[in-house]
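Report on one structure; see the data block that follows.
The values are calculated or read from the model by the stated rules, or taken from the named source; none is laboratory data. Only a predicted model underlies this, so the values are computations on that prediction, with no experimental measurement involved. Every residue, glycine as well, gets a Cβ built from its backbone with ideal geometry; the counts of neighbours run over all protein chains shown.
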Amino acid sequence: MKQINGYSKLTKEQKIDWLVANYFKGDACVKNELMSYWHEDVRVQKIFDDFSENTLTNMYMPYGVAPNFLINDEWYCLPMAIEESSVVAAMSNAGKFWSERGGFHAEILGTTKIGQVHFTFKGDKEKLKNNFSDLKIELLEGSKYLTVNMDARGGGVLDVELVDMTQYLEDYYQLKVSLETCDSMGANFINSVLEEYANLLKEFVVRKNLDGELKIILSIVSNYTPDCLVRASVECKIEDLGIVGGLPPQEFAEKFSMAVKIAEVDPHRATTHNKGIFNGVDSLIIATGNDFRAVEACGHTYASRNGRYASLTHCSLDNGMFKFWIDLPLAVGTVGGLTQLHPLVKRSLQILGNPDAKQLMQFCAVAGLAQNFGALRALTTVGIQQGHMKMHLLNILNYLEATEEEKNHALEYFKDKVVSFTTTRVLLEQLRSAKKTAK
Ligand code: MEV
């Protein structure tokens, strides 16, 4: 019976039993396997269970660090949670490369976040617009009880605008709210304020007799925050790049810059280029318990802001200088959410020196820039497969349950050969049968 009512009401073990009975023919090994990933400390497991719903077990993800990051003249080690091979290695290499050339620079260009109350108003547009300044005062006053703490921390509502969207959709308007949420990502705070604004708006339209029919459609934070923006950059004399992947500095710089320009004009390349950037950004975002879906959605919208999806990074080669930078909008938090709950998130923040949200924005932009540098450096010189394949080989070897001795042998063997699953399997079979014969 693959359909069930009230699944969420079952205990965790009952949920597993139902799943195993219906999808694994009751195989006890599957149940044991799922339970084997439970944390041994029941209090910690309870924390994980409560993050989400219908939690059965934990799904592991590699957690590592990329050391040697010189950012605004301070040394950092960046925690990264990512399953893809080569990403941490590329980050670490880029970190080291730039630490020998002045390091990364990062600056905050803005921290404003946005929320919207989307509504329709069938009625006198002018009346709505003329009454807006009174409405705005009432919205700000009427939501004070929600904003008082954020106001005290130096944040709160910065502005409220009435946006006429009727040129796009009949009778459609927005309250567009700009907010500062300090060290929290702010989605909960923003949504509470917006829902209160929606109530106050409804009440206002009736009380002021605005002669129209108002319908609140929805009130929600916008994950597009172009004014919550950070810039990270690196620069050095072209000659100081040295020989990169066998190329002399000028040739490398020109190829690198061309690769960035291609991603500035071609959406197909830009998508992969930006995906590589998010390899770096997301791994740090996940390690610090932030919302990588929000960060990605925002970055991709920003990448399309001029009407054509394009690179988030840019490169210039003027007056003998190599400059490479990223402007990245992202809303992150270092308080609230998972930050005080998830044991490894706490550790990540400690590794980063317990940063505030602005610092974390800077680290994320640096991670994205470093990752993109690492990818383009490989792509424009030796190609991506050389590094990728070594890690891929390790994954295949682990899958085939290779011993340490077999792994070392295979790594040596594939140094000058193309890795594939079949050749690795055949190699292991040969090694194993040779060992048997020798016995
Ligand atoms: C792979 O995860 C990321 C790259 O494809 C990025 C890029 O092509 O720039 C290597």
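Is it fair to say D240 is under 30 Å from H105 (Cα atoms), surrounded by fewer than 19 Cβ atoms within 10 Å (Cβ to Cβ), of a type outside the set (V, I, T) and in contact (Cβ under 8 Å) with a residue 60 or more places away in the chain?
Taking the combined requirement at face value, the residue satisfies it.
Can you confirm whether N72 is polar (S, T, N, Q), closer than 20 Å to Q350 by Cβ and modelled with pLDDT of 95 or more?
Yes, satisfied.
Out of (1) over 26 Å from G307 (Cβ atoms); (2) within 16 Å of the ligand (Cβ to nearest atom); (3) in contact with an Asp or Glu (Cβ under 7 Å, 6 or more places away or on another chain), what's the single condition that is false for F278?
(1)
Could you say whether any residue in the stretch 78-86 is in contact with an Asp or Glu (Cβ under 8 Å, 6 or more places away or on another chain), at pLDDT 95 or above and assigned by TED's automatic domain parsing to the domain that holds V295?
Checked the stretch 78-86: at least one residue is in contact with an Asp or Glu (Cβ under 8 Å, 6 or more places away or on another chain), at pLDDT 95 or above and assigned by TED's automatic domain parsing to the domain that holds V295.
Among the residues of the stretch 249-265, which ones are more than 12 Å from the ligand (Cβ to nearest atom) and not polar (S, T, N, Q)?
The answer is P249, E251, F252, A253, E254, K255, M258, K261, E264, V265.
Being more than 9 Å from the ligand (Cβ to nearest atom) and of a type in the set (S, T, Y) is the filter here; which residues of the stretch 266-275 pass it?
T271
Restricting to the stretch 106-139, name every residue that is hydroxyl-bearing (S, T, Y) and under 30 Å from A232 (Cβ atoms).
Answer for the stretch 106-139, where residues must be hydroxyl-bearing (S, T, Y) and under 30 Å from A232 (Cβ atoms): T111, T112.
Scanning for something in contact (Cβ under 8 Å) with a residue 12 or more places away in the chain, touching a helix residue (DSSP H, G or I) at 6+ places or on another chain (Cβ under 6 Å), outside the structural domain of C364 (by TED's automatic domain parsing) and surrounded by fewer than 17 Cβ atoms within 10 Å (Cβ to Cβ), does the stretch 169-182 turn up at least one residue?
No, the stretch 169-182 contains no residue that is in contact (Cβ under 8 Å) with a residue 12 or more places away in the chain, touching a helix residue (DSSP H, G or I) at 6+ places or on another chain (Cβ under 6 Å), outside the structural domain of C364 (by TED's automatic domain parsing) and surrounded by fewer than 17 Cβ atoms within 10 Å (Cβ to Cβ).
Counting only residues that are of a type in the set (K, R) and in a helix (DSSP H, G or I), how many does the stretch 223-280 have?
Qualifying residue count, the stretch 223-280: 4.
Pairs only if they're at least six apart or on different chains, beta carbon under 6 angstrom, first in the stretch 197-213 and among the acidic types (D, E), second outside any helix (DSSP H, G or I); list them, first residue then second.
That search, which allows pairs on different chains as well, returns D211/G123; D211/D124; E213/K122.
Residue-by-condition table, conditions (1) in contact (Cβ under 8 Å) with a residue 60 or more places away in the chain; (2) over 30 Å from D183 (Cα atoms):
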position	(1), (2)
N68	no, no
R101	yes, yes
F104	yes, no
G110	yes, no
G123	yes, yes
E126	no, yes
K129	no, yes
S143	no, no
R153	no, no
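Tally the residues that are of a type in the set (A, V, I, L, M, F, W, C), farther than 17 Å from P355 by Cβ and surrounded by fewer than 19 Cβ atoms within 10 Å (Cβ to Cβ), restricting the search to the stretch 61-113.
The qualifying residues number 3.
When you check I243 against the structure, is it more than 16 Å from the ligand (Cβ to nearest atom), at pLDDT 95 or above and not assigned by TED's automatic domain parsing to the domain that holds S316, yes or no?
no
Kindly provide the set of residues from the stretch 85-115 that are of a type in the set (G, A, S) and more than 16 Å from the ligand (Cβ to nearest atom), ordered by number.
Across the stretch 85-115, the qualifying residues are G95, S99, G102, G103, A106, G110, G115.
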